[in-house]
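Here is the structure we will look at.
None of the figures in this text is laboratory data; all of them are computed from the coordinates on show. Bear in mind the structure is a predicted one, so any value in this text is a computation, not a measurement. Methodologically, a virtual Cβ is constructed for each residue, glycine included, from the backbone with ideal geometry; neighbour enumeration extends over all protein chains shown.
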Amino acid sequence: MEHAEKLGRVLHAGIWRERSAGILAGEFWRRLAARSRRPLFRWLLLAFAMGVLGLVSNASADEMRFPAPAFTSGYRLPDTTVPEPTSQAKQWIDVVVLVAVLSLASWLAIQKRTRKGIFALMVFSLLYFGFYKRGCVCPIGSIQNVTLSLFNSSYAVPITVLIFFVTPLAFALFFGRVFCSSVCALGAIQDLVILKPITLPRKLTIGLSMIPYAYLGVAILFAATNTGFVICRYDPFIGFFRLDGNAPYLYLGAGFLLAGVFIARPYCRFFCPYGVLLGFMSRFARWHLTITPTECVNCRLCEKSCPFDYVEKPNLGLAREHRAVGVQRLGYLFCLLPGLILLGGWVGHRLSIPMSRYNHSVMVAENLLVEKANPDLKPSLETTTFRTQGTPEAKLMAEAQLVRSRMNVGGWLLGGLLGLVFGAKLVGVSVARTQKDYEVDKAHCFSCARCCPYCPSDAIHKGNFVPGNPAYEAALALAKQEGTTPEAIAKGKPA
Amino acid sequence: MPAPTSKTTTLTRFDFIRQGLGRVAAFGLGVVGGLAAFAARKNNTIWQIDPMKCTQCGHCATACVLTPSAVKCVQSYPICGYCRLCFGYFQPNAPELTSAAENQLCPTGAIERKFVEDPYWEYNITEATCIGCAKCVKACEMFGNASFYLQVRHDRCVNCNDCSIARQCPSDAWVRLPASDPYLLKHKLHPKTQLNLELPPWNTPKS
C-alpha cells in the first residue's frame, strides 16, 4: 500500500510533467477524431455518451486515460497471440491409450499371468501418463470433477474426464484392479522402489486402511462445496512427473518413496481414495487374477510372494473358537455399531467448522468479521480485494453460511459413514470364514501378478520346474528348511 | 481355468449375496456415471484469468507449479496508448526515459520498447523472460490505459486439475473456460464487462 501510494504520487507528477511539456497536450482531440473511425472506439465513445446521459452509472472516463494514437506512418496494430492449449488437443488419444492399456493389462493378468508383461506395461504407463502427460487428469483426481459436476450446476465435467473416472472402475468390476498394477502412474513410481518389503502388523494395517475412506470423504465434501480439490493438492508424486514443484510436496513425495522401499506402495494401500472405489468393484470382480491357474495344492510357495500381504492363507486346519463365543462377540459389535456411527457423525460435525475455513468465501467472510471486530488489524489481501470488488457483504455472508451448513450436513454424513465402515471392519475381522486354498484378497489385490510365477503347477505342467524357475527356487528354499525335496514341496499337502 | 461345473450346482448363500452386491456396485457405478454424463460437456476445460477481476496481487508469479509461471503479461494493442512515458515500462523515479535497466519497472526486463512514430512507442512482452509478476499490469492499470493484463499462456500451462494459483487467488479471478475458446482477451470482452472495469480505490488520488 505504502509503495503503491508513493508510486502514485510520483507517477501523477510524471503525468503532469509530460502534459506540461506539451508532448501529450493538444493531441487529445486530434486522436479522438481519428479514433472515432475505429469500431472499438466508436462504441467507447457511445458508451461515454451513455454514461453522460446517466444510463450507465460508471463513468468511462477512466477507461482511456490516453486516447489511442492516430498513426500517420501506416503502422498496423499487432495481434495478441493466442497459443492453443497443447495439453488438451490429444485428450481423446489419452482415452484410447487408457482403454487399450487396461484391456492389455486384464489379458496379461488373467490369461497370460505374466509379471514381466505387467511390469513392462506399468513402466510404459509411468512414462506416458506420468512423465509425458505430467499426471493430469488422472482417474484419482477425476473423483472430484465428477462430484463437483453432480453438486454444482455451473460446472460440467468434460466427457473425457468422466471416461477416465468410469473406465478403471468398470474394468475392476470385471477383471479386478488392473488399473492399479498397470496404468496408475502413482502406483507405478512406488512399485519401482519396492526393495525390502516388510510385513506390517495386522492391527496397524486395519487402522491405516481407514485413512482412504476419510480421505475420499473429505475429497468429496470439499469438491461438493466447491472448496477445492484436495486429492490433487496433496498428490505426493505430481512434482516428480512435472520435474518441478513446491518444496514441501516434493519432500512429501520423497518421503513416500523412501517409506515405499520397506512398506510396499504406501500411498496406494493407506491413502489412495480411488482405491476405495476400486475395492468396492474389485471385490465382486467376475474374473480376477488367481494365484494358481489350476487347483491350489497348498504348497505354501506363494505365501511370501506378495509384498502387500494380500495373499490369504487357508485356515481349515486351524483350531477355531467355540461358535457361541463368536456369536456373542458379533452381538456386542452390532450393539456398538450405532454408537460408532453417532460418534463418527459428531466428530465430523465438530470438524465441519475448521474444514469450512478452507473455502474461499468462508475464509474471506471470517476475515472480514475479525477485521471489523478489531479495527487496528492490518486488512488481509483477501478482504482488501473483496472490498475493492464491490460485492455486497450480505451476499458473501449468505454464501459462507451456505457452505458452512453444507459442511455441517456433510460432516455428520461423512463421520457417520466412517463410523459404519470402522464397525464393518471390526465385524469383518471377528468373523472367520472358512478358506481352503491360498487366494488373493480380491478387494485389495492390485493384480500385479507377482504371485503367479510362484505357483509350481504351471511350471510342472510345462515341464520347466527346474533350477532357475522362481517356483523351483522358492520350493528349494522351503525344502532345505524342512529336509525334503522341491518336488515334494510342489506336490503340496492335503488341505 | 476353473473346473467345469454343471448348471444345477446350487448357489451358496454367501455367493448369492456376493452376486447381489456385485450388481448393486455395477448399478451404483452406472447411476453416478450416467448422472455425470447427463451434465457432461463435450469440450475439455482449461484455466484462465478474468482480467476484470484480477487485482495483480503477484501470486501468479510464485504459486504456479512451473518455474517460471505459465501466467504471462499480454499487451492489448487496441487499448494501449503507445505512451512515450509508459507507466508499465518505466520505474516511478526513472532517471531518464531510455531502455537502460535502471529505468525499467520489469524485474526481468521482459518488456520490449520499440519506436513507432513521434510520440508513440510500441510495447511488447517477451514471454520467455516474463514471470507474470504483474508489476507492469498494476502500474498500467493505475495510471495508464490498463492495456497490460495477465493471461494463462496455454502453450506452457499444464492445466493442473487443481490449479495451484487459482487456489491462492485472493480475488477469485480464475475461471475454467472451454478449451476451444481459451482466452479472455481484454479488447474482445463484452463491452459491458469492459465498462464495468473498476479501478482499485487507491487509484483515486487522495485529497
Mean Cβ-within-10 Å packing, highest first, puts peptides A:372-379, A:348-355, B:85-92 in the order B:85-92, A:348-355, A:372-379
Along the dipole axis of chain A (charges at Cβ: +1 for Lys and Arg, -1 for Asp and Glu; origin at the Cα centre), the most positive-end residue among A:S356, A:S73, A:V230 is A:V230
Looking only at aspartates and glutamates whose Cα falls under 17 Å of B:K42's and that sit 8 or more positions away or on another chain, we get A:D94, B:D181
Protection proxy (average C-beta count within 10 Å per residue), highest first, orders A:284-293, B:37-46 as A:284-293, B:37-46
Check: C-alpha center the stretch A:72-126 vs C-alpha center the stretch A:395-457, spacing in Å is 31 Å
Of the residues A:L337, A:Q481, A:V325, the Cα lying farthest along the dipole of the protein assembly as shown towards its positive end, which is defined by charges on the beta carbon of Lys, Arg, Asp and Glu, belongs to A:V325
Computed about the Cα centre, the charge dipole of the protein assembly as shown from +1 Lys/Arg and -1 Asp/Glu charges at the Cβ has a magnitude in debye, to the nearest 20, of 1500 debye
The rounded separation in angstrom of the Cα centers of the stretch A:212-261 and the stretch A:298-349 is 30 Å
Flagged as over-length at 27 Å C-alpha distance, from A:K462/A:K493; B:K72/B:K114; A:K196/A:K493, the pairs are A:K196/A:K493
Taking Cα atoms only, helix B:13-39 is inclined relative to the longest principal axis of chain B by an angle, in degrees rounded to 10, of 30 degrees
The set of residues whose placed amide H lies less than 5 Å from the amide H of B:Q104, leaving out same-chain residues fewer than 5 positions away, is B:Q91
Label model pair B:F16, A:R202: point-to-point distance (7 angstrom along the Cα→beta-carbon line) in nm is 2.9 nm
For A:K378, the lysines lying under 27 Å Cα to Cα, once residues fewer than eight places off in the same chain are dropped, come out as A:K6, A:K395, B:K53, B:K135, B:K138, B:K206
Computed ³J(HN,Hα) along the stretch A:66-81: with the Karplus parameters 6.51/-1.76/1.60, θ = phi - 60°, integer Hz and x for glycine or proline, the list is 10, x, 4, x, 9, 7, 10, 8, x, 5, 10, 5, x, 8, 6, 6
With the dipole of the stretch B:45-199 defined by +1 on each Lys or Arg Cβ and -1 on each Asp or Glu Cβ, the option from B:P170, B:S76, B:N93 whose Cα lies farthest towards the positive pole is B:P170
The stretch A:341-442, convex hull of Cα, quarter of hull surface, nm² -> 10.3 nm²
Partner aspartates and glutamates whose C-alpha sits under 13 Å from that of B:K188, ignoring same-chain residues fewer than 8 away, are A:D79, B:D50
Rounded to two decimals, the Debye log10 I(q)/I(0) of the protein assembly as shown (Cα scatterers, no solvent) at q = 0.06, 0.07, 0.09, 0.10 Å⁻¹ is -0.48, -0.61, -0.88, -1.02
Rounded to the nearest Å, the spacing of the alpha-carbon centers of the stretch A:373-392 and the stretch B:91-145 is 30 Å
Cβ density ranking, 10 Å radius, fewest first, applied to B:D15, B:D162, A:D235 yields B:D15, B:D162, A:D235
In debye to the nearest 20, the charge dipole size for the stretch B:45-199, taken about the Cα centre with +1 at each Lys and Arg Cβ and -1 at each Asp and Glu Cβ, equals 300 debye
Gyration tensor (Cα only) of chain B to equivalent ellipsoid, semi-axes in Å sorted down, yields 55, 18, 15
